[in-house]
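**Student:** This is the structure I have questions about; it appears just below.
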């Protein structure tokens, strides 16, 4: 049984005027292109294709909203760090993301980081954007199935040190379901707080 049985696509937003009403609770999902963001959303919501997955980086170009329950939404942000997205399109994201950050309903950020890459400067910028003093940040070290147990422990330890208490962090794999229950619990706690 899914912890999010009402999960469904709501709308795609390319302009702040298209946002849903600023009521309830929203949790954003962000990460580098191809870090496994869409796969994480699908694994956590237990929906096979709620968020579209692709082997090609940079497919998510708009903010995609998903309803999880009454006045509970998940926001899938465009991936960053992918050079082939036209500069003009990337410039359009800045006011959109700033408008998202000002929403009172935005309560937290799930940051998806490929466990094999570690926390990058771009990830650090996104954590600063989220402002951990204002909203919660939880890092999913994705694709952990590609690491040995000792490598996973080392990567998790390094991420905790790098984050210095600004965010919680866990190992995660949408493929072998490592950490899915924990991520669901975190998301559920934020949506009901």
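The values are calculated or read from the model by the stated rules, or taken from the named source; none is laboratory data. If you're wondering where the values come from, they're calculated on a predicted model, not measured in any experiment. Using ideal geometry, Cβ is built from the backbone for each residue, glycine included, and neighbour counts are taken over all protein chains shown.
**Student:** Could you go through the stretch 17-27 and let me know if any residue there is within 20 Å of residue 174 (Cα to Cα) and at pLDDT 95 or above.
**Tutor:** Within the stretch 17-27, one or more residues are within 20 Å of residue 174 (Cα to Cα) and at pLDDT 95 or above.
**Student:** Now for a separate question. What number of residues in the stretch 1-37 are under 17 Å from the mean Cα position of the chain (by Cα) and surrounded by 16 or more Cβ atoms within 10 Å (Cβ to Cβ)?
**Tutor:** 16
**Student:** Could you check residue 154 against (1) loosely packed, with under 14 Cβ neighbours inside 10 Å; (2) in contact with a strand residue (DSSP E or B) (Cβ under 8 Å, 6 or more places away or on another chain) and say which number it fails?
**Tutor:** Here residue 154 meets the rest and fails (2).
**Student:** Which one of 188, 157 is within 27 Å of residue 72 (Cβ to Cβ) and modelled with pLDDT of 95 or more?
**Tutor:** 188 is the lone residue from the list that is within 27 Å of residue 72 (Cβ to Cβ) and modelled with pLDDT of 95 or more.
Condition check ((1) touching a helix residue (DSSP H, G or I) at 6+ places or on another chain (Cβ under 7 Å); (2) over 19 Å from residue 9 (Cα atoms); (3) buried (at least 22 other Cβ atoms within 10 Å of the Cβ); (4) modelled with pLDDT of 85 or more) across all residues:
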| residue | (1), (2), (3), (4) |
| --- | --- |
| 59 | no, no, no, no |
| 67 | no, no, no, yes |
| 70 | no, no, no, yes |
| 90 | no, yes, no, no |
| 93 | no, yes, no, no |
| 102 | no, yes, no, yes |
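**Student:** Just give me the residues in the stretch 157-184 being touching a residue at least 60 places away in the same chain (Cβ under 8 Å) and touching a strand residue (DSSP E or B) at 6+ places or on another chain (Cβ under 9 Å), in sequence order.
**Tutor:** Of everything in the stretch 157-184, those that are touching a residue at least 60 places away in the same chain (Cβ under 8 Å) and touching a strand residue (DSSP E or B) at 6+ places or on another chain (Cβ under 9 Å) turn out to be 172, 174, 183.
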